[in-house]
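Taken together, the values in this text are just the output of simple stated rules run on the coordinates, not laboratory data. Quick caveat: nothing in here was measured; it's all calculated off a predicted structure. Don't worry about glycine lacking a Cβ; one is built from the backbone with ideal geometry, like all the others, and counts go over all protein chains shown.
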Amino acid sequence: MNNISRIAGLLNAKSKSLPINKIELENVLNILFHRILFPVCDEECKSEKSIYLVYSVLLENLSNLLNKKEAEKIVEKFIEKLPQLQSALYEEAKNFLKNDPAAQTVEEIILTYPGFFALTVHRISHELYKLKVPIIPRLFSEYAHSKVGIDIHPGAQIGPMFFIDHGTGIVIGETATIGENVKIYQGVTLGALFVTKSLKNKKRHPTIENNVVIYAGATILGGDTVIGHDSTIGGNTWLTKSVIPYSLVFHNAAVKIKNTHDFDEPIDYVI
């Protein structure tokens, strides 16, 4: 017991308090999703109490990063955005329903689809990012990343009617720009050609214009790379150069099929 006390003392002596409460803020994000934007409970949780809770927790944490007056202005501006954000997200849920033949109802989209959850969290975190809120937007986006495996930086600019099918493994970088009515599948990367701190304030990630479809496993890199509108990018393609509108880009894989009788030994192994 004395040894435990000694170690605790050593840890406390070297510990530095962090400026925000991660657990509280993650709880706020869940309240925003499940009680305010898409309430799944009774009238009590739909009341202004939930909004006041979000307001007070954001203000308390943001006041540790900025001065109190500035924090108040930012949180009030964010809260004022919620009705508009809710309306837009309901329309995007309907867009998911329209695009996915496996989907049965809008409620199913909201409650179960990882792509819609990631998109909702991005819309929230992007609003905070535009208000120049430090740390918290990234905390929200990484919470979604940990939950559903979709990594969207809060700085990415994503137009309306964005559809994510399946979604696992998607990565969208900070300076990516995505137009309207874009559809992407699992494993897509919109990334930088290379990583160096000197590019901090420069566009490092691609621009995707309106009505583009990007299939599973495609990788598109570079801040100067533009995918022209109404293009289709096939699965497993690798792009570092721009393509004109109405392009069809595909990976030409060589697939060979042989009869198993052509082999002396069966292809049966365990890793």
Taking every other residue with Cβ under 13 Å from the Cβ of GLY222 and scoring Lys and Arg +1, Asp and Glu -1, one gets +3
Most exposed first, judged by fewest Cβ atoms within 10 angstrom, TYR215, TYR55 run TYR55, TYR215
Once normalised by the length of segment 18-155, the mean sequence separation of its alpha carbon contacts under 8 Å that are 6 or more apart gives a contact order in percent of 20 percent
Relative to the chain, whose Cα atoms define the longest principal axis, helix 22-31 and its Cα axis are tilted in degrees, nearest 10, by 70 degrees
From the Cα centre of segment 134-169 to that of segment 217-256, the distance in Å is 22 Å
Honestly segment 1-80 on the Cα gyration tensor test (a ≥ b ≥ c root eigenvalues; a/c under 1.5 rounded, otherwise a/b vs b/c for prolate or oblate) is just oblate
Segment 114-132 and segment 17-42 have their Cα centres apart by a whole-number Å value of 13 Å
Checking rank on 128-141, 66-79, with mean other Cβ inside 10 Å and highest first, the result is 128-141, 66-79
Here, GLU24 and THR237, labelled 7 Å along Cα→Cβ, have an inter-label distance in nm of 4.8 nm
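Can you give the FRET efficiency for GLU80 and THR105, using 1/(1 + (r/R0)^6), R0 = 30 Å, r = Cβ-Cβ distance, to the nearest 0.05?
Taking R0 as 30 Å, the efficiency between GLU80 and THR105 is 0.50.
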Note on segment 157-271: contact order normalised by length, alpha-carbon pairs under 8 Å, 6 or more apart, percent, works out to 19 percent
A correct fewest-to-most ranking of ILE110, ILE150 by other Cβ atoms within 10 Å would be ILE110, ILE150
Quick note, the chain: a/c under 1.5 would make it rounded; otherwise a/b > b/c is prolate and the rest oblate (a ≥ b ≥ c, C-alpha gyration tensor); here it is prolate
In nm, the gap between the two label points placed 7 Å beyond Cα toward Cβ at LYS147 and TYR246 is 4.2 nm
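Determine, for each peptide in 4-16, 26-38, the mean count of other beta carbons within 10 angstrom over its residues, then list the peptides with the highest first. Intermediate results must be reported in sequence, preceding the final value.
Values: 4-16: 8.5, 26-38: 18.2.
Output ranking for 4-16, 26-38: 26-38, 4-16.
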Under the 7 Å Cα-to-Cβ spin-label approximation, SER47 and ASN67 lie apart by a distance in nanometres of 3.7 nm
